Amino acid sequence: MTTLEFRNVSKRYRVRGAAPMLALDDVSFTLRDRQTIALVGQSGSGKSTIAKILTQLETATSGEVLLDGVPIPRHGRGLRRYRQQLRMVFQDPFASLNPYHSIRYHLERPLQLDRVVPRGEVDAEVRRLLERVRLDPATVIDRRPHELSGGQRQRVAIARALASRPQLLVADEPVSMLDVSIRLGVLNLLADLQREEGLGVLYITHDLATARHFSDEIMVLHHGRVVEHGPADDVILRPQHEYTRDLRAASPDPEKHFADASARPFGDIA
Ligand SMILES: Nc1ncnc2c1ncn2[C@@H]1O[C@H](COP(=O)(O)OP(=O)(O)OP(=O)(O)O)[C@@H](O)[C@H]1O
Ligand SMILES: [Mg+2]
């Protein structure tokens, strides 16, 4: 069992010539493996700041991040282990993949760095990873990112995130740059992988309907504060906070489209 705890985290950005900006204000939550938490909130509410602190692109001004009860080490083996355990899928698969390197290279790197499999098995593991994200290895393995569609690129980014066999995944608006017609295929893939691998997923989105459908819990962020956090259905059907009600009113009716959460309303759109 893996437990990631964000404990009383605040983040103040210092911008030259301007007053410091409090992007996160005393945020706490716990993410466990086998669990999906959706993080919703309007633009600028602090969602990506949480992702950046989790992936150590930024450091918290105060508060702590703990993995299995232990603060994230600043260096050494503990830090390596944390980075192997928690991986990130970014919004823009074009920016996150290197245009000069093949798909094979993108997947080999984490396998080698984290010594996931013996050297002789790296090629087979790359192919297995591509199959895991429903890509045909023979077709894509020697291509470069610009030779793939947006949806295929995001599948490669997901395969790369899974390469180190993490327990936790942070997905920051993983489909918002993709064509509407393929978004649900990628989200269904993420949901399948989450179940199959028992991952804990922090799913950052503006979309309350998919937040409800794909998540166990929803956490609502407003001006850097968590204003609501609870079981997904409760937050959508019985929002307690005025801001959540406003968000709900502003999104396409999440209740109507996703009334039967056990069904797979999207089929398998590739
Ligand atoms: N490196 C930075 N320096 C200064 N301010 C920053 C920095 N990064 C983010 N901010 C500010 O912190 C606030 C929160 O930004 P953040 O990117 O976390 O929001 P978000 O909820 O992810 O928004 P979006 O939905 O638009 O992606 C914003 O006001 C933003 O301008
Ligand atoms: Mg963001």
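The set of residues in segment 1-19 being farther than 18 Å from residue 68 by Cα and either touching a Ser or Thr at 6+ places or on another chain (Cβ under 9 Å) or of a type in the set (Asp, Glu) (or both) consists of 10, 11, 12, 13.
Of all the numbered requirements in (1) part of a strand (DSSP E or B); (2) within 12 Å of ligand 1 (Cβ to nearest atom), residue 51 misses one, and that requirement is (1). Considering segment 168-196 alone, what residues qualify as being in a helix (DSSP H, G or I) and either over 16 Å from residue 216 (Cβ atoms) or out of contact with any helix residue (DSSP H, G or I) (no Cβ under 9 Å at 6 or more places or on another chain) (or both)? Within segment 168-196, 180, 181, 182, 183, 184, 185, 186, 188, 189, 192, 195, 196 meet the criteria. Look at residue 80 and say whether it is within 30 Å of residue 112 (Cα to Cα), away from ligand 1 (no atom under 12 Å from the Cβ) and in contact with a strand residue (DSSP E or B) (Cβ under 8 Å, 6 or more places away or on another chain). No. Note on segment 110-138: among residues that are of a type in the set (Lys, Arg) and in contact (Cβ under 8 Å) with a residue 40 or more places away in the chain, the one that is surrounded by the fewest Cβ atoms within 10 Å (Cβ to Cβ) is 134.
Those residues that are small (Gly, Ala, Ser), away from ligand 2 (no atom under 16 Å from the Cβ) and part of a strand (DSSP E or B), I need them from segment 11-28; list them, please.
Of everything in segment 11-28, just one residue is small (Gly, Ala, Ser), away from ligand 2 (no atom under 16 Å from the Cβ) and part of a strand (DSSP E or B), namely 28.
Look at residue 76 and say whether it is surrounded by 14 or more Cβ atoms within 10 Å (Cβ to Cβ) and on the phi > 0 side of the Ramachandran plot. Answer is no for this residue. With respect to the conditions (1) in contact (Cβ under 8 Å) with a residue 60 or more places away in the chain; (2) over 14 Å from the mean Cα position of the chain (by Cα); (3) more than 12 Å from ligand 1 (Cβ to nearest atom), residue 32 lacks only one, and its number is (2).
Among residues of segment 172-190 that are on the phi > 0 side of the Ramachandran plot, those with a beta-carbon under 8 Å from a residue that is polar (S, T, N, Q) and crowded, with 18+ Cβ neighbours inside 10 Å at least six positions away or on a different chain give the pairs 173/91; 173/205. Here the condition is being within 11 Å of ligand 2 (Cβ to nearest atom) and either crowded, with 18+ Cβ neighbours inside 10 Å or not in a strand (DSSP E or B) (or both); of 39, 31, it holds for 39 alone.
Of everything in segment 61-88 that is out of contact with any Asp or Glu (no Cβ under 9 Å at 6 or more places or on another chain), of a type outside the set (D, E, K, R) and part of a loop (DSSP other than H, G, I, E, B), the residue that is farthest from residue 169 (Cα to Cα) is 61. For segment 193-216, a tally of residues being over 14 Å from the mean Cα position of the chain (by Cα) and more than 16 Å from ligand 1 (Cβ to nearest atom) returns 8.
Considering only segment 42-76, how many residues are of a type in the set (A, V, I, L, M, F, W, C), free of Cβ contacts under 8 Å to residues at least 60 places away in the same chain and more than 16 Å from ligand 2 (Cβ to nearest atom)?
Number of matching residues: 3.
Scanning segment 198-255 for residues that are of a type outside the set (Ser, Thr, Tyr), assigned to a loop (DSSP other than H, G, I, E, B) and over 18 Å from residue 35 (Cα atoms) yields 206, 207, 223, 224, 238, 239, 240, 241, 252, 253.
On the stretch given as segment 77-103, residues that are closer than 30 Å to residue 141 by Cβ and away from ligand 2 (no atom under 16 Å from the Cβ) total 16.
Any read-out appearing in this document is the output of simple, stated calculations on the displayed coordinates, not a laboratory observation. Model, not experiment: these values are computed from the prediction. All Cβ positions, glycine included, derive from the backbone under ideal geometry; neighbour counts span all protein chains shown.
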